[in-house]
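The block underneath contains the structure these notes are about, expressed in structure tokens.
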Amino acid sequence: MRAQPVSAAMLGSWADAMTRELDQLLGGAGAALEPLRECRAEVVAGFDALRGLGGGGLAIRVHGDYHLGQALRTDTGWTVLDFEGEPALGVPERRALSSPLRDVAGLLRSLDYAAAAALMERTEPDPERLEALRRQGDAWAEANRRLFWGAYLARVGDHPLLPGSAEDTLALRRAWELRKAVYEVGYELGHRPDWVGLPLRFLLDGGRS
Ligand SMILES: Nc1ncnc2c1ncn2[C@@H]1O[C@H](COP(=O)(O)OP(=O)(O)O)[C@@H](O)[C@H]1O
Ligand SMILES: [Mg+2]
């Protein structure tokens with residue numbers, strides 16, 4: 001399948017799907033979801049921003065489950081693994097053309113996860129020390145998110161892969177990051193409830209805009 005310009009209809013259907021996924025999540029029971037229920041409107045506003053974009057760049061085949069764990073550092077550079085896509089989706093959805101920023105969002109989110117996982121898995125819960133370590137972790141994640149994003153934009157240059165304006169590009173990235181964090185909340189509630197605070201923190205923070 002060849003790359004296609006992202007149409008207004010495509011942007012609208014992404015916003016619809018993202019909002020539907022959020023509402024499916026919020027339809028479930030659980031006190032952990034209460035703070036997210038309260039800021040639903042802000043998250044939805046991030047999805048709705050797609051509807052007003054002047055353009056969305058190109059839609060291409062995407063990895064679909066791109067994160068740090070899917071990249072191996074080898075002697076000759078980075079190798080990307082595991083192209084089976086997002087496990088929860090059906091095959092047609094995994095094959096559908098989508099925004100390259102969907103994968104970029106996955107990688108950006110996983111930088112947050114890397115910092116938080118180091119704390120969750122490797123440290124004793126000493127509250128005072130934990131707070132200082134959390135700040136360091138946040139600073140590490142933020143610095144790496146910025147570096148990755150800057151390098152990505154520099155590499156793309158003025159190729160039509162991305163929307164024509166920096167503002168639209170950021171709005172597109174933000175929508176996919178919010179969507180990924182919504183997915184993560186559902187995943188954590190199902191698999192590791194202790195970790196649900198991690199994506200929630202990002203969403204309650206307004207997606208770190
Ligand atoms: N060729 C390889 N050499 C070294 N490690 C690998 C290789 N392929 C996979 N791995 C390791 O196995 C992990 C799981 O592989 P992956 O293809 O991502 O499968 P899945 O995530 O579906 O279980 C990777 O994150 C990586 O650490
Ligand atoms: Mg994998």
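All of the numbers you see were taken from the coordinates with simple rules; none came from a lab. Being a predicted model, the structure only gives us computed values, none of them experimental. Here Cβ is always computed from backbone atoms with ideal geometry, including for glycine, and neighbour counts include all displayed protein chains.
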With n ≥ 4 as the cut-off for DSSP H runs, can you work out [θ] at 222 nm for the chain, using -39500 (n - 2.57) per run divided by the number of residues, rounded to the nearest 500?
-19500 deg cm²/dmol
Magnitude of the Cβ-charge dipole of segment 93-209, K/R +1 and D/E -1, about the Cα centre, nearest 20 debye?
360
What would the Debye equation give as log₁₀ I(q)/I(0) for segment 4-204 at q = 0.11, 0.15, 0.17, 0.19 Å⁻¹, counting only Cα atoms as equal point scatterers?
-0.54, -1.02, -1.30, -1.56
Quick one: check the C-alpha center-to-center distance for segment 88-164 versus segment 1-77, whole angstrom.
14
From the backbone phi of segment 20-33, what are the Karplus-calculated ³J(HN,Hα) couplings (6.51 cos²θ - 1.76 cosθ + 1.60, θ = phi - 60°) in whole Hz, Gly and Pro given as x?
4, 5, 4, 5, 4, 4, 6, x, x, 7, x, 5, 4, 7
Fewest-first sequence of Thr74, Thr169, Thr19 by Cβ atoms within 10 Å of each Cβ:
Thr74, Thr19, Thr169
Work out, step by step, the length gained on full extension between Arg146 and Ala96: first 0.36 nm times the residue separation, then minus their alpha carbon distance; give nm to one decimal.
15.2 nm
Neighbour-count ranking [beta-carbon atoms within 10 angstrom, fewest first] of Asp194, Asp82
Asp194, Asp82
Can you tell me the FRET efficiency between Thr123 and Val80 if r is taken as the Cβ-Cβ distance and R0 is 25 Å, rounded to the nearest 0.05?
0.25
Debye intensity ratio I(q)/I(0), log10, segment 154-209, q values 0.28 Å⁻¹ (C-alpha model)
-1.02
Cut-off is 10 Å between beta-carbons; in what order do Trp14, Trp195 appear when sorted fewest neighbours first?
Trp195, Trp14
Given an 8 Å cut-off on Cα distances and at least 6 residues of separation, report the relative contact order of segment 1-101 as a percent.
35
For Gly85, enumerate residues with amide H under 5 Å from its amide H, sequence gap 5+ or separate chain, H modeled in the peptide plane.
Asp65
